[in-house]
Amino acid sequence: MNPPVRLGVNIDHVATIRNARGGLHPDPVRAARQAAEAGADGITAHLREDRRHIGDRDIERLAREIDLPLNFEMAATDEMLAIALAHKPHACCIVPEKREERTTEGGLDVAGGHQHIAPFVDRLNAAGIRVSLFIEPDPVQIAVAEAIGASVVEFHTGAYCDAYIAGNQARTAELLKRIELACALAHERGLEVHAGHGLTYDTVKPVAAISQVKELNIGHFLIGEAIFRGLREAVTTMRGLIADARNEAAA
């Protein structure tokens, strides 16, 4: 029987709404509490260099006030490393970051940037923080992630989701197969497998059904759905779809 898949809820875009007007409302920490009540297994937050959504105070509060594991998404910079070492989250996921992008546009090029990234992995590992690398489902990236000491890889599912939205069934199937093969390879290499980016109610089940996947991190879609149905119901529905996918795969 396939073990259940953990759901990490990314609360970045609660802060995006807050920051559009300033002030304190809506509160990302309150959103994290509601996600926990709805069955989330962890909370994800990305502290960007430009602080466009989550801020330093949010990270401080999440680390102190939320009982669920905190997955701190960060660029490989000295500033972010210092913040991670100060707060000691359960996990740090190193992600690519460009000032001009609206959201993360793809996976981290671990192969091309291993000399820069490896020292960050070493420092986080030494502090007892689980290190994840957000990468494309690519064999070379997987091999280098293992070689520099990461314990987790999170596969970027954005291209797969975009193909689905575009109605390109052949491309959707091709990209899903790529993810499936990458998950199997990462698992064989002893890496824990996570996935995320762009997942919705319509695209989550095929990814959740992959036996090696241990965790999905989903944010923007859930916060958008929360406008219409409330965050608790949005998370509960996603949690149910993930469970259904796992059960159907095991049947």
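Expressed as a whole percent, the accessible area of the chain that falls on carbon and sulfur atoms is 52 (1.4 Å probe).
Which value at 222 nm does the chain reach when only helices count, each DSSP H run of 4 or more adding -39,500 (n - 2.57), with the total divided by all residues and rounded to the nearest 500 deg cm²/dmol? Display every interim value, and only then the final one.
Numbers: 11 runs with 129 residues, N = 251.
Helices in the chain give a 222 nm mean residue ellipticity of -16000 deg cm²/dmol.
Annotation: amide H of residue 219 within the under-5 Å range of 10, 198, sequence separation 5 or more or interchain, hydrogens built in the peptide plane.
Computed with every protein chain present, the accessible area of residue 238 is close to 0 Å² [probe 1.4 Å]. Taking the chain as the region of interest, the number of lysine pairs whose Cα atoms are within less than 27 Å, with members eight or more places apart or on different chains, is 5.
Would you mind getting me the FRET efficiency between residue 126 and residue 188? Use the beta-carbon distance for r and R0 = 22 Å, nearest 0.05.
On the way: r = 26 Å, r/R0 = 1.20.
So the FRET efficiency works out to roughly 0.25.
Around the Cα centre of the chain, unit charges on the Cβ atoms of Lys, Arg, Asp and Glu (plus for the first two, minus for the last two) sum to a dipole of about 540 debye.
Put simply, when 41-47, 23-29 are sorted by average Cβ atoms within 10 angstrom per residue, most first, you get 41-47, 23-29. Taken along the Cα-to-beta-carbon direction at a fixed 7 Å, the label points for residue 51 and residue 78 span 2.0 nm.
Once the Cα-Cα distance is subtracted from the 0.36 nm per residue extended length, the residue 109 to residue 211 segment shows a gain of 34.2 nm. Only one of [x] 1.25; [y] 0.98; [z] 0.94 was calculated from the structure for Rg/Rh (Cα atoms, Kirkwood Rh), and its label is [z].
Annotation for residue 171 and residue 88: the two label points, set 7 Å from Cα along the Cα-Cβ direction, are 4.7 nm apart. State the Cα centre-to-centre distance between region 139-157 and region 181-251 in whole Å. Using only Cα atoms to place each centre, the spacing works out to 19 Å. Accessible area per residue was computed with a 1.4 Å probe on protein heavy atoms; residue 211 scores about 50 Å².
Proximity of backbone amide H atoms, modeled 1.01 Å from N, is registered between residue 76 and 95 at under 5 Å, excluding neighbours fewer than 5 places apart on the same chain. Peptides 224-232, 106-114 ranked from most to least packed give 106-114, 224-232, packing being the mean of other C-beta atoms within 10 angstrom over each peptide's residues.
Between residue 19 and residue 147, residue separation times 0.36 nm minus the direct Cα-Cα distance comes to 42.2 nm.
The values are calculated or read from the model by the stated rules, or taken from the named source; none is laboratory data. Please read these numbers as outputs of a predicted model, since none were measured by experiment. No Cβ is skipped: glycine too gets one built from the backbone with ideal geometry, and neighbour counts run over all protein chains shown. Just the protein is used for accessible areas: all its heavy atoms, side chains included, with ligands, DNA and RNA removed. Shrake-Rupley method; radii C 1.70, N 1.55, O 1.52, S 1.80 Å.
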